[in-house]
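Everything on this sheet refers to the single structure shown next.
The values are calculated or read from the model by the stated rules, or taken from the named source; none is laboratory data. Worth saying up front: this structure is predicted, and the values here are computed from it rather than measured. In this analysis, Cβ positions are derived from the backbone assuming ideal geometry, glycine residues included, and neighbour counts consider all displayed protein chains.
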Amino acid sequence: MQIKKQRESWGSRVGIIMAVAGSAVGLGNFLRFPVQAAQNGGGAFMIPYFISLFLLGIPLVWIEWTLGRFGGGFGHGSAPGAFHSIWRKNRFIKYFGVIGIFGPLIIFIYYTYIESWALAYSVFSLLGKYSSCAGTSSAMQSFLHGFQGLEKNSYFNNMAFAYLFFLITFIANISVIYYGIRGGIERLAKIAMPLLFVCALILMVRVLTLGTPDSTKPSWNIVNGLGFLWNPDLAALGNAKVWLAAAGQVFFTLSVGIGVILTYASYLSRGDDVVLSGLSAVGTNEFAEVILGASIIIPAAFIFFGPLQMQAIAKSGAFDLGFITMPMVLNRIPLSSLFGFLWFFLLFLAGVTSSVSLAQPAVAFLEDEFNINRERAVRIFAIVSFILCQPVIFLLGRGLINELDFWGGTFSLVLFATIETLLFIWVFGMEKAWEEIHTGASLGIPKIYKFIIKYVTPLFLFFILGFWFIQQGIPTILMHNVSAANRPYVLFTRVGLLIIFLVLAFLVKIAWRRKRKAREAFSL
């Protein structure tokens, strides 16, 4: 029988759907997705993308929602406790759940700083601060590097502005987290998500109505701009790298494998519908990514720079596209300051709804497993995460962000998703899992998904993990793409990450020891 202690709860189903969708709708929807699509076959990329969505993404969403709700019934709001509630006889399974705290914490460390850039640029847009250098990519790159403190130039002599906006962003995140599930995260989601969609829709309409700005180059039009992204290069389907990229994008975009959905679902009651709620969150995210994300940045850049330069822009990476190319594009249209603000404020809203979610697994762990109040848990998280953010800020350009993204935002995601799937399906049992998923559901899942969840999804995960490790994991671990000057910093980062993981594992051990002693004392 489940024993549920008094915990927070969501105010409404809409609230949790908005919060989970907010966690999923992040910078990757508007920056990473269009770049991945443009680099991997255009419209052909969407074939493995949707296959991955239906065979991997949606099953994992249902697994995490159900696993989180089940663990929450025993008073566990984080992965170690949820894993333990599934396999109580195994003494070590809770330590695998540490990944579900470690990954979000590591992503939060660098994601918050990047998020603060978007806030800063939204202000810079209104003030016209970068308008004088938006004529060339080299000038915009110099502006960005000056802001980040990587160089001194006529725009910035130090990184005071960057640090100020980081502090504002960090305090905003902690404030939302401090006010809890209903008063903080849910309230933010209900305000930020509609605002985000309004900004995105305005930008999309403006881009789609640009027509052919340069009459001397009639082929540089919005139709061909959309075609650059959507015309399929079917030859790309024979490349395993494309399938890997598509599956990876599904992982990132749905926030599966991080532990956030699991934590959010732990605040549900047993009768709450996880099937429909999960699908609603997925639908909201896919609309933001496939419809809005694909209709803004790539088509807009194509119109002004043409197909040849667009190839190089697409290969330049998501951050260059967002913070260098897009300001140049928007600077060429009327009301550029307003549209620049909408673009960067959109990125900020997408970032903050994700970052507050990244903090929740660690906060929930402290609350539930150490039985401390939320205010104290948030203070502990704020102090620790603030300290951990400093190397990212002051050693930017030394490879730290790439390293944190690899271990926290890539490796941990795939590994955690694989473990939780095997645990839920093969330890908990498919029949019990199927019944648990449908508890309180108003919508029945097609029975074919019973086979998919049991066999196809785990095999898909092993496929991703194996090929990804060979193609990207080994070169990254061996530091093939790290300069000799940055290798000491990368090694320093890896040692730090190992220490963080071991500390979290030690905290799990202490928490369970305390609980065991409390049970023994109670039995006496």
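The residues in region 243-266 that are of a type in the set (A, V, I, L, M, F, W, C) and more than 11 Å from the chain's Cα centre (by Cα) can be counted, and the count is 8.
Of all residues in region 201-229, those being within 17 Å of Gln309 (Cβ to Cβ) and either touching a His at 6+ places or on another chain (Cβ under 7 Å) or of a type in the set (D, E, K, R) (or both) number 2. Evaluated against (1) in contact (Cβ under 8 Å) with a residue 12 or more places away in the chain; (2) in a helix (DSSP H, G or I); (3) over 24 Å from the mean Cα position of the chain (by Cα); (4) exposed (fewer than 15 other Cβ atoms within 10 Å of the Cβ), Glu435 falls short on exactly one condition, (1). Of the residues making up region 464-480, those that are without any contact (Cβ under 8 Å) to a residue 60 or more places away in the chain and under 13 Å from Leu56 (Cβ atoms) number 1. For Ala139, indicate whether it is farther than 30 Å from Val414 by Cα, hydrophobic (A, V, I, L, M, F, W, C), at pLDDT below 95 and touching a Pro at 6+ places or on another chain (Cβ under 8 Å). When the stated conditions are applied, Ala139 does not pass them.
Condition test on Glu115, is it touching a residue at least 60 places away in the same chain (Cβ under 8 Å) and among the acidic types (Asp, Glu)? In short, yes.
Can you find even one residue in region 190-202 that is closer than 19 Å to Ile333 by Cβ, touching a residue at least 40 places away in the same chain (Cβ under 8 Å), among the aliphatic types (A, V, I, L, M) and surrounded by fewer than 19 Cβ atoms within 10 Å (Cβ to Cβ)?
Yes, that holds for at least one residue.
The condition of being touching a residue at least 12 places away in the same chain (Cβ under 8 Å), within 30 Å of Ala511 (Cβ to Cβ) and either touching a Gly at 6+ places or on another chain (Cβ under 9 Å) or not charged (D, E, K, R) (or both) holds for only one of Phe45, Phe70, Phe33, that being Phe70. If we scan region 460-482, do we find a residue that is of a type in the set (Ser, Thr, Tyr), surrounded by 11 or more Cβ atoms within 10 Å (Cβ to Cβ) and either more than 17 Å from Val98 (Cβ to Cβ) or modelled with pLDDT of 85 or more (or both)? Yes, region 460-482 contains at least one residue that is of a type in the set (Ser, Thr, Tyr), surrounded by 11 or more Cβ atoms within 10 Å (Cβ to Cβ) and either more than 17 Å from Val98 (Cβ to Cβ) or modelled with pLDDT of 85 or more (or both).
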